[in-house]
Every structure is written in structure tokens, then in C-alpha cells.
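A.B. asks: Supplied in C-alpha cells, the structure appears directly below.
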Amino acid sequence: MFFVPLFSGCSQQIESKQLLFAFGTEVHLQMLANSEETVQKTTREIEDYFQAFNQVWHAWKEDSSLSQINRAIRQQKPIVVTDEVKQFIVMSQRLSHESNGLFDPAIGQLV
């Protein structure tokens, strides 16, 4: 690999490859770090982020924010969402518009 010589003057680099499971699929995580502790800490942080994201956006978990939003839409009832959820929905709508509908996260019920 081309990057190996670039680290010859630096402290020993650890190359790590991890296989995580999130969103119903495999996530291959590859990183360079200065210590095994950094690898483990970073891997935990990424796993925690994916789990939190999955908790909010899981399509079939009854208590997920997405399920609550979909339920409110079906019942034609208002729902209060966090700023983070609102920002994500707005960004998704923008990306759908900019891609002329090629990216459309709202298509879930059709799949």
C-alpha cells in the first residue's frame, strides 16, 4: 500500500478491520490508529452512533421515531419531533428534490 512509507517516521500504526452489523446489513470498518485502545474506543463510539441512529429510524420497531411519525401521518395527527429528526427529514427532502426523486427515503411503504 502506498501510505505505509508515509508513516515510517511516526509511531507504530495499528491497522484495524472490524465487521459491524447495523441497519440490517454488514458495515465494514477499517482504520489506522496509534493504539489498540484508540481502535476499541473509536469502534465503540461508531457502534453506539449506529445503534442510536437505528433506534430513531428503524422502520419496523414500534417505538422508533420513524414508526411514531408514520403512525401519526396515517392517523392524520400532529407529532412533536426533536430538532435532530426535523433536520434529518428536511435534508432527506432536499436530497430527494435534488436527485429528481432518485433518492427518496419516503418510499419505504412501497418496498
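A.B. asks: Return one number: the angle in degrees, 0 to 90 and rounded to the nearest 10, between the long axis of the Cα atoms of helix 83-98 and the longest principal axis of the Cα atoms of the chain.
C.D. replies: Relative to the chain, helix 83-98 is tipped by roughly 90 degrees.
A.B. asks: Now, a different point. How far, in degrees from 0 to 90, does helix 65-74 lean away from the longest principal axis of the Cα atoms of the chain, to the nearest 10?
C.D. replies: The angle comes out near 20 degrees.
A.B. asks: By how many degrees, 0 to 90 and rounded to 10, does the Cα axis of helix 36-57 deviate from the longest principal axis of the chain?
C.D. replies: 10 degrees
A.B. asks: Using just the helices of the chain, give the 222 nm mean residue ellipticity in deg cm²/dmol: DSSP H runs with n ≥ 4 each add -39,500 (n - 2.57), and the total is spread over all residues, rounded to 500.
C.D. replies: Details: 3 runs with 48 residues, N = 111.
Roughly -14500 deg cm²/dmol at 222 nm, from the helical runs in the chain.
A.B. asks: In nm², what is the average projected area of the convex hull enclosing the Cα atoms of the chain?
C.D. replies: Values: hull surface 41.5 nm².
Reported value for the Cα convex hull: 10.4 nm².
A.B. asks: Sticking with this one: Can you list the residues, at least 5 places off or on another chain, whose amide H is less than 5 Å from the amide H of Ala22, using H built in the peptide plane?
C.D. replies: Residues meeting the amide H criterion: Val27.
A.B. asks: Roughly how many debye, to the nearest 20, is the charge dipole of the chain about its Cα centre, given +1 on each Lys and Arg Cβ, -1 on each Asp and Glu Cβ, and no other charges? List each step's numbers first, then the result.
C.D. replies: Working: 9 positive and 13 negative charges, 91 e Å.
I would put it at about 440 debye.
Each reported figure results from applying straightforward, stated rules to the coordinates on display, with no laboratory input. What you are looking at is a predicted structure, and each value in this text was computed from that prediction instead of being measured. So basically every Cβ, Gly included, is an ideal-geometry build from the backbone, and we count neighbours across all protein chains shown.
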